[in-house]
Structure formats: structure tokens, C-alpha cells
Amino acid sequence: MNTSPVATALNAVDLAAAHAFRNLTMFPLIAKGERTPDYLTLDEAMAGGTVRITEVGQAGTVPELSLRNDGLTRVLLLDGEELLGAKQNRVLNLTILVPPVSDLVIPVSCVESGRWRRVSRDFSSSPRTHFAEGRAAKMRTVTESMHREGSRHSDQGQVWGAIAAKASSLGTDSETGAMADVFERHADRVADFVNALPSMFPSTGVGMDMRLSSERLNGAALIVDNQTVHLSAFAAQG
């Protein structure tokens, strides 16, 4: 019987004590053996100048971007990572391992409904990812489009609607409907959580975090060697 890669990874880890702050609880899974990643994260590759992400052509198209990896190392793109600049901010629709020295057209969703105006040639990486509820809803529609027509597109209207609902619930306005503005207006609150859990992840090994709000599971992330290598997020139903 074949065993899934996720099951194999989970069998090789130990559950550590939970860490909690306010309504966030995280459960680390510590690897039983050390591992060395053979890839770069998107932040690392962009900082090193080996990866460029731009609009597709001069005109651009909302659900796709052009990526060039000039490096000799694979680059990991995570579902939900935010990209800033060009004609409008986007988030990645899938987790993708980009081959060395390659060009790809990558599927994305817009997270800035009120701008279609170039502010830079290249995109830059962001310290944020798509918030859990929005990412979960996006992934459901991406999965549906994959099954239905073989595309990796989201329901763009739903993505914008989720951002508008989040901004409204947090009392935040944005001239361009940008998800980034919601995060930036609440940066101090986010920093409280980051600073409260500084030693959450091990320096080596595998970890998984589970975010709970009002005892409802909102997301999970698999960590290898202190880097996120697979990210799935979902909102509990009911």
C-alpha cells in the first residue's frame, strides 16, 4: 500500500507542547532527524536577485503573472503569498516548486480591486499571506476550476468580497480595496502575536501550526528546517 508524503512526514515527527497567545494556539511538530532544504523561499530568491515576477506582457492579465528563475536552485512559492506592485497586488493560487533556470506563468488572484495602474515593473514579496478564511475560500474555487476545466483560476469576485468583508469587520478602509492596507492598519495587533511567540518554531526539523479562534480550526502549516514548505488553510464549518 502506498503511503502519502504527508503521512510519511507526520510519522517522522514528535508533538511538542502547545504555545498559546490570546485566541491563537500553535502545536509544533519536531522532526526526529535533521534535514537540509534544497530550495529557496520566494523571499530568499527575490532578495538574491535570481527570481523576477512581472505582469504577463505590457497589457497584463489579472489571473496570471510571469516568473523567471535565473538561479541554479529550485524556488518554493506558497499558496497565499502576497506579491506587491506592478498593476495591482496579487496572491498566489497554488504552492509551486519552480525548477532552476526556468520561465513560468503562475496563477494568481487580485487582492487590490481598485487599482489597475502600473507602479513598478517588477513585483516585490510581502511579509504577509492571504488571511485564512479568504485563502480557504479561494482554494475551494481554484480546486473546482481544476476539476471542471483544468485551469487554476479562482472566483475573483469572491476573493474581492472576502477582503471587503474582512476590512469591514475590522473597521478598515482602503482607497484601492487592498488587502495590504487591512494588514498595515492593524500592524501593531499582528506584531503582538509575532512577539508573543518568538520561539514557536524549532531551529531545525518539521513543525505544524494550527490556528484556533473560538475553538474553531482556521489553518495549518507544515514547516521543514524552519521554512514553510507546504501551507494549507481552511475555516471550520458550522
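Fully extending the segment from S151 to V119, taken as 0.36 nm per residue of separation minus the present Cα-Cα distance, adds 8.7 nm. Excluding same-chain neighbours fewer than eight residues apart, the lysines reachable from K138 by a Cα-Cα span under 27 Å are K87, K166. Projected label points at L170 and L72, each 7 Å from Cα along the beta carbon direction, are separated by 4.2 nanometres. When the charge dipole of the range 35-182 is built from unit charges on Cβ atoms (+1 for Lys and Arg, -1 for Asp and Glu) and taken about the Cα centre, the candidate among I163, L104, I53 whose Cα reaches farthest toward its positive end is L104.
Mind sorting E184, E133 by how few other Cβ atoms lie within 10 Å of their own Cβ, fewest first? Don't jump to the answer; show the numbers that get you there.
Values: E184 13, E133 17.
Least crowded to most crowded, the residues run E184, E133.
Ordered by the count of other Cβ atoms within 10 Å of each Cβ, fewest first, I96, I30 give I30, I96. Computed from the C-beta positions of Q158 and A47 and an R0 of 35 Å, the FRET efficiency is 0.60 to the nearest 0.05. Kirkwood analysis of the range 23-179, using all unique Cα-Cα pairs, places the hydrodynamic radius at 16.6 Å.
Report the charge-dipole magnitude of the range 38-198 in Debye, nearest 20, computed about the Cα centre from +1 at each Lys and Arg Cβ and -1 at each Asp and Glu Cβ.
Details: 18 positive and 22 negative charges, 61 e Å.
Computed about the Cα centre, the dipole is about 300 debye.
Once the Cβ-Cβ distance between L97 and A7 is put in as r, and R0 is 22 Å, what FRET efficiency do you end up with, to the nearest 0.05? Computed FRET efficiency for L97 and A7: 0.65. Straight-line reach from K32: taking Cα to Cα under 15 Å and skipping same-chain neighbours fewer than 8 places apart, the aspartates and glutamates in range are D14, D225.
Panel order for K166, K138, K32, by other beta carbons found within 10 Å of each beta carbon, from fewest to most: K32, K166, K138.
FYI, it's all coordinate maths here, none of it is from the lab. Please read all numbers here as calculations on a predicted model, not as lab measurements. Methodologically, a virtual Cβ is constructed for each residue, glycine included, from the backbone with ideal geometry; neighbour enumeration extends over all protein chains shown.
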